[in-house]
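Participant: One structure is given below, represented as structure tokens, and several questions about it will come after.
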């Protein structure tokens, strides 16, 4: 029985390179937005933030990146983006 609560974010870190990923939902990634040279926000098909990837060491608190990601969201996808092979 579903309780309607949001699952807790999951955190994963690559101990060799220092990359970090904050997974906020289990929905598949539909598209990504580059927030800065080293920060990528992943969104699901409804436009909800799915996760944040930090390449290397992050320099700002996670909350500031979450806010940037929410502002950068584009809403639901109407068609799949064309991704070159």
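The values are calculated or read from the model by the stated rules, or taken from the named source; none is laboratory data. Because the structure is a prediction, the values reported are computed rather than measured. Cβ coordinates were reconstructed from backbone atoms using ideal geometry, including for glycine residues, and neighbour counts include every protein chain displayed.
Participant: Determine which member of the set 28, 76 is at pLDDT 75 or above, assigned to a loop (DSSP other than H, G, I, E, B) and exposed (fewer than 14 other Cβ atoms within 10 Å of the Cβ).
Facilitator: Every option except 28 fails the conditions.
Participant: Can I ask one more? Would you pick out the residues in region 31-65 that are touching a residue at least 40 places away in the same chain (Cβ under 8 Å) and in a strand (DSSP E or B)?
Facilitator: Matches in region 31-65: 31, 33.
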